[in-house]
Amino acid sequence: MTNDAQSQDTIDGFHLIIDALKLNDINTLYALPGIPITDFLRISQAEGMKVISFRHEQHAGNAAAAAGFLTGKPGICFTVSAPGFLNGLTALANATTNCFPMILISGSSEREVVDLQQGDYEEMDQLAIAKPLCKAAYRVLHAEDIGVGIARAIRSAVSGRPGGVYLDLPAKLFAQTIAKDVGQKSLIKVVDPAPKQIPAPEAVNRALDLLKNAKKPLVILGKGAAYARADAEIRKFIESSGVPYLPMSMAKGLLPDNHPQCASAARSYVLAEADVVMLVGARLNWLLSHGKGKTWGASSSKEPTKAKIIQVDISPIEPDSNVATAAPVIGDIGSCIAAFNSAMGSSWNKPPSDWTGAISERKDKNLTKMAETLAKNPSPMNFHSALNVVKNKIKERPDAILVNEGANTLDFARSIVDMYEPRKRIDVGTWGIMGIGMGYAVAAAVETGKPVIAVCGDSAFGFSGMEVETICRYNLPVCVVVFNNNGIYKGTDKNPAGTDMAPTQFVKGAKYEMLMQAFGGAGVRAATPEELSKAMDEAVSSGRPTLINAIIDEAAGTESGRITSLNPAAAKKK
Ligand code: ADP
Ligand code: TZD
Ligand code: MG
């Protein structure tokens, strides 16, 4: 026993929490110490848990969220009370928005004092604050309820539509003791935490009828499809149906991006033309223009697509969220796609060749044009010439995980860098949130042991930049490539008043590489594709923490990347 509070016959809260997590195969904690969890983290280490300690809770939380997506088990983030909890909350809300399973566990102050608002150390009613921002929130007051608390948190995080869960553990709970046999019996190993949800056969047939009679069918694969780990069934379905597909950004690689049926290079054509669209683990949110407007071949921004929508999703309330859904198929993606595969039989007719032929023609044209652009070698580098290097590295190392954030740095990387394996791309997701970079990179390295390449805009990187120390401390195989264009979107804005710098501007010629050097990692400046390529090769082959400061033309980007039109001033002009 590592804790004095325990005798032969009793067990304390510290150990019950650890045992409950371990019993459920959870062995890694992403955390930031302080009252009341410092001892807990120490004891966790002593009991064989892996504890990854961060410099800011948001990044510990982001790491837990990415771990959830990458493993299908809830990632765990531990924080201190009030401010630590609040710092972790953004990550919890982001995980919930992205349907990633994570559990934020925060220590909290004395309930009696908090509830009477008597001003305790780091006083806050954390449970009440967390509730609207996550899928479920629980508090455990008694040691004998720890098993139930952890079980409920796990089940809530991974069953149905996955999401973030908050678990509130008041300081007093950790040192509470109960009889050892009572404690051990109270722990729960969660059986089948994310049960299969089988779709109704009539829903499957309704959807297949639509797909069968379509002249221009299209499948859209979203990150829910990547999360579902039904890779073989999905590939079989796509290939035996012959339907062209579009991967959303985190579904890239579910089938390799160079697959003949991948329609990414003809995205605007297929979205505007398709007559039946089957969404698989993708929501019709802003990322798909809500299923309305010119993107979908409609004449005005409010007009819905004429395409009939099939939606395969685990959430029964997702269909009809933006436009009418002709064929909802509710169930887990593995079961739904397996049902499609068996109902399709062997006499399935592939889509008309004028549709697939027209797509191929456009793809060929666009890919040729893109290849010409990528082959240019401007000085300074632009997004294309630098990303061409990243594209080649991922082709050489398809097992590497690509973390991606920024505006232009994100949008260009999404379309230029092909992915070849499932769940290898993690990015700003549904919110388009900056700051996930280093947290996601740490989790990707810890959970997979594979090389991690984090391609971040200089602004995006700044949100989590201090975690390069964490990367060095754990000696993680992470290569951060900062796309340095001296600012947010571009480095060329001017302040019209001519006083301070414009709000989108950063110090010019910043030496980001020195941040990594400060903690013993490798820091390299790369001003040409050759320099970038050499530095990335070294980073990936050595596995040494590396930051490459990639110098990008400060005039190359556009305002907000591809979503300029969402800025109120641009919307006013329309
Ligand atoms: P993207 O941003 O890639 O378009 P979204 O995050 O919008 O993807 O959509 C993911 C969808 O996947 C959510 O509606 C979620 O309910 C669904 N989902 C997540 N996991 C599963 C699963 N195992 N089976 C079915 N649907 C799932
Ligand atoms: N804050 C948070 C948490 N998320 C955001 N998305 C933003 C602010 C707004 N924002 C964007 O949407 S992109 C971006 C910000 C600040 C940074 C873009 O600059 P960058 O990328 O240097 O990362 P590029 O390559 O210069 O466009
Ligand atoms: Mg920038």
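The values are calculated or read from the model by the stated rules, or taken from the named source; none is laboratory data. None of these values were measured; they are calculated from a predicted model. We place every Cβ from the backbone using ideal geometry, glycine too, and count neighbours over all the protein chains shown. Side chains included, ligands, DNA and RNA excluded: accessible areas come from the protein's heavy atoms. Shrake-Rupley method; radii C 1.70, N 1.55, O 1.52, S 1.80 Å.
Observations
- Burial ranking of peptide ranges 244-255, 535-546 (average Cβ count within 10 Å, highest at the top): 244-255, 535-546
- Computed over neighbours whose Cβ is under 13 Å from that of residue 272, the net charge equals +3, Lys and Arg +1, Asp and Glu -1.
- For the range 437-501 versus the range 510-574, the inter-centroid distance based on Cα atoms is 8 Å.
- The alpha carbon centroids of the range 67-133 and the range 310-379 are separated by 37 Å.
- Antiparallel bridges, percent of DSSP beta bridges restricted to the range 166-300 (to nearest 5): 0
- For the range 434-497, the share of accessible area belonging to carbon and sulfur comes to 52 percent (1.4 Å probe, ligands and nucleic acids excluded).
- Proximity of backbone amide H atoms, modeled 1.01 Å from N, is registered between residue 419 and 253, 257 at under 5 Å, excluding neighbours fewer than 5 places apart on the same chain.
- Rolling a 1.4 angstrom probe over the range 251-306 with all protein chains present gives an accessible area of which 54% lies on carbon and sulfur atoms.
- Anisotropy class of the range 441-560 from Cα gyration tensor, a/c 1.5 cut: prolate
- Proximal aspartates and glutamates relative to residue 511, as straight alpha-carbon distance under 20 Å, when same-chain residues fewer than 8 apart are discounted: 405, 458, 467, 469, 530, 531, 538, 553, 554
- Measuring between alpha carbons in the structure, the pairs from 294/369; 223/534; 302/365 lying more than 25 angstrom apart are 223/534; 302/365.
- Backbone phi angles across the range 487-494, fed through the Karplus curve with coefficients 6.51, -1.76 and 1.60 (θ = phi - 60°), yield HN-Hα couplings of x, 7, 6, 7, x, 10, 4, 10 Hz in residue order; Gly and Pro are listed as x.
- Cross-link reach list, lysines versus residue 189, counting only Cα pairs under 23 Å and skipping chain neighbours closer than eight places: 22, 50, 73, 135, 180
- Between 0 and 90°, nearest 10: helix 333-344 axis offset from the chain longest Cα axis: 40
- Distant-in-sequence amide H partners of residue 219 (H built 1.01 Å from N, under 5 Å): 245, 246, 278
- 3J(HN,Hα) couplings calculated from phi for the range 405-422 with the Karplus curve 6.51 cos²θ - 1.76 cosθ + 1.60 (θ = phi - 60°) are, in sequence order, 8, x, 9, 4, 4, 7, 4, 5, 4, 4, 8, 8, 8, 6, 10, 10, 10, x Hz; Gly and Pro show x.
- Amide H to amide H distances under 5 Å link residue 261 with no residue, where only residues 5 or more positions off or on other chains count and H is placed in the peptide plane.
- Degrees between helix 82-98 axis and first principal axis of the chain (Cα, 0 to 90, nearest 10): 40
- Over the range 186-271, accessible surface divided per residue gives 41 Å², non-protein components excluded, 1.4 Å probe.
- Each Cα pair under 8 Å and six or more residues apart adds its separation to the average, and for the range 378-489 the resulting relative contact order is 28 percent.
- Packing rank of 160-168, 61-69, where each peptide gets the mean count of other beta carbons within 10 Å, highest leading: 61-69, 160-168
- Student exercise, the chain dipole from Lys, Arg, Asp, Glu Cβ charges, in Debye to nearest 20: 2040
- Note on residue 198 and residue 371: their simple-model spin labels are 4.9 nm apart, each label 7 Å out from Cα toward Cβ.
- Helix 437-448 vs. the chain, principal-axis angle (Cα, 0 to 90°, nearest 10): 80
- Average accessible surface area per residue within the range 433-574, 1.4 Å rolling probe, Å²: 44
- DSSP-defined beta bridges in the chain - what % are antiparallel, rounded to 5: 5
- Taking all protein chains together and a 1.4 Å probe, the residues 348, 286 rank 286, 348 from largest to smallest accessible area.
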